[in-house]
1. Go through (1) surrounded by fewer than 16 Cβ atoms within 10 Å (Cβ to Cβ); (2) out of contact with any Ser or Thr (no Cβ under 9 Å at 6 or more places or on another chain); (3) assigned to a helix (DSSP H, G or I) for residue 179 and report which single condition fails.
2. Against the condition surrounded by fewer than 20 Cβ atoms within 10 Å (Cβ to Cβ) and out of contact with any Lys or Arg (no Cβ under 9 Å at 6 or more places or on another chain), how does residue 242 come out, does it pass?
3. What residue, of 237, 200, is at pLDDT 85 or above, β-branched (Val, Ile, Thr), buried (at least 17 other Cβ atoms within 10 Å of the Cβ) and more than 11 Å from the chain's Cα centre (by Cα)?
4. Tell me which of these residue 290 doesn't satisfy, since it passes every other one: (1) surrounded by fewer than 19 Cβ atoms within 10 Å (Cβ to Cβ); (2) under 16 Å from residue 240 (Cα atoms); (3) without any contact (Cβ under 8 Å) to a residue 40 or more places away in the chain.
5. Of everything in the stretch 56-86, what is under 44 Å from the mean Cα position of the chain (by Cα), within 21 Å of residue 130 (Cα to Cα) and at pLDDT below 75? Give them in sequence order.
6. Which residues, taken from the stretch 94-141, are among the β-branched types (Val, Ile, Thr) and either at pLDDT 90 or above or buried (at least 21 other Cβ atoms within 10 Å of the Cβ) (or both)?
7. What's the number of the condition residue 330 fails, among (1) surrounded by 19 or more Cβ atoms within 10 Å (Cβ to Cβ); (2) in contact with a helix residue (DSSP H, G or I) (Cβ under 7 Å, 6 or more places away or on another chain); (3) within 27 Å of residue 405 (Cα to Cα)?
Amino acid sequence: MPVPVPRQRAIPAVESGQAQAAGAVGGPLKEEAHRDAAPTSGATLTLLLIEDDPVGSPIVPELLDSAGKPVRVRTARNLTEAERLLTDDVHCILLDLALPAPGGSDTDDELAVLHHVLQLAPRHAVLALTGSGDAERGAEAVRVGAQDYLVRDELDSRLLSRAVRYAVERKRSDTAERRLTESRLRAQENRRLERGLLPTPLLDGSSLRFAARYRPGRSRALLGGDFYDAVRTPDGTVHAMIGDVCGHGPDEAALGVELRIAWRALTLAGLCGDELLGTLQEVLEHERPDDEIFATLCTVDIAPDGRHAGLCLAGHPAPLLVRPGVPARLLPYDNNGPALGMLPGARWSRMQVELGAEWSLMLYTDGLIEGRVGAGGERLGQDGMVEMIRRQLAEGLRGEELLRAAVQEVRRLNEGELADDVAVVLLDRTA
């Protein structure tokens with residue numbers, strides 16, 4: 001039956017292990033951006049002065065921004081008034097450090113009022129106002145979190161205007177740097193998480209060599225909707241599988257991990273063939289976000305002598321078999337069953353395949369064959385892939401080098417990044 005092709009979205013991919021940290025703010029931080037206390041182009045700069053005697057203060061009323069426009073000044077005599085006047089259009093706060101501590105209580109903290117304002121207005125630039133003999137206190141205010149400090153007796157219109165503009169820009173720069181750091185940390189955490197979800201084959205005691213190549217379809221991701229695994233059971237049988245959840249977003253990636261873990265657990269418990277695939281379909285039906293989600297799957301169980309195997313296909317492309325002296329060929333897929341999640345109560349046949357004494361078996365997802373060939377729109381397809389692998393084998397490529405060259409050539413033929421996830425697994429047995 002035809003192989004179901006997962007739905008695709010035109011999103012560029014990055015190689016597994018090579019994802020870069022996000023260089024721009026996005027996600028939850030984006031929701032916070034509009035609340036920044038920084039003026040947009042053409043907006044009027046607003047200063048909030050918090051001082052117990054604003055009428056007698058030395059503040060020059062005519063302050064100008066960088067464009068020569070008057071700076072709007074609001075005055076508050078205490079923190080209660082300041083909280084009421086601290087609206088989103090305020091860009092900078094000029095705070096008199098001589099104000100009494102919040103609540104009127106005695107405290108040994110000389111910067112208690114500053115701590116309160118910084119907590120009240122974490123996104124606003126703050127200038128500390130000190131007396132002429134209190135420069136050390138002003139420097140401490142900057143260390144605590146203020147953008148700068150000013151001495152009351154030295155204030156004039158030009159100095160204050162420049163200080164306000166500087167404080168606003170420095171706060172904006174500090175905020176951008178903090179967000180960039182947070183974004184990078186989140187990207188690093190995501191990479192560690194996704195790398196931990198990639199499989200570690202359990203093949204101790206087996207003479208087979210294993211290689212894999214994985215390329216997700218999501219930008220800056222390590223994990224997509226494709227999944228694979230390989231384990232050796234106590235009787236010496238090597239079980240390998242590769243699968244593809246339709247789509248390649250984070251939900252599909254999570255579902256792929258669930259199916260892979262379920263497959264490993266069921267395989268180690270002794271299930272295989274139709275019984276295994278039927279149980280996996282139940283897992284998929286319970287875990288998928290909607291009823292349209294399906295997954296294709298290919299499983300092989302290689303006998304302890306390594307000369308023959310059982311093959312089950314659930315809507316998935318047939319593996320490629322390579323043997324010395326004969327051209328590489330696709331294994332039969334006449335008994336290809338439906339993809340998991342397509343037909344309730346479906347059944348899957350298990351075919352016996354003769355491998356021989358020396359062979360390589362390549363399992364892959366359709367991302368490897370669905371790429372375009374040039375600008376004409378024609379897809380590579382299975383025939384094109386077989387021809388490509390035969391040529392690369394003739395060039396002496398084997399193992400990891402073969403898989404790397406195959407993925408790179410598919411990208412080159414596509415003339416750009418592949419839209420779908422790509423996973424390729426190679427098992428080798430030498431005489």
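1. Only one criterion in (1) surrounded by fewer than 16 Cβ atoms within 10 Å (Cβ to Cβ); (2) out of contact with any Ser or Thr (no Cβ under 9 Å at 6 or more places or on another chain); (3) assigned to a helix (DSSP H, G or I) is unmet by residue 179, namely (1).
2. no
3. 237
4. Failing condition for residue 290: (2).
5. none
6. Residues satisfying the conditions are 113, 117, 126, 130.
7. (1)
Residues are listed down the side, and each one gets a yes or a no for (1) buried (at least 18 other Cβ atoms within 10 Å of the Cβ); (2) within 21 Å of residue 306 (Cα to Cα); (3) of a type outside the set (Asp, Glu):
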site	(1), (2), (3)
385	yes, no, yes
396	no, no, yes
412	no, no, yes
421	yes, no, no
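The values are calculated or read from the model by the stated rules, or taken from the named source; none is laboratory data. Quick caveat, the model's predicted, so the values are computed rather than measured. Note: ideal-geometry Cβ built from the backbone for every residue, glycine included; neighbour counts use all protein chains shown.
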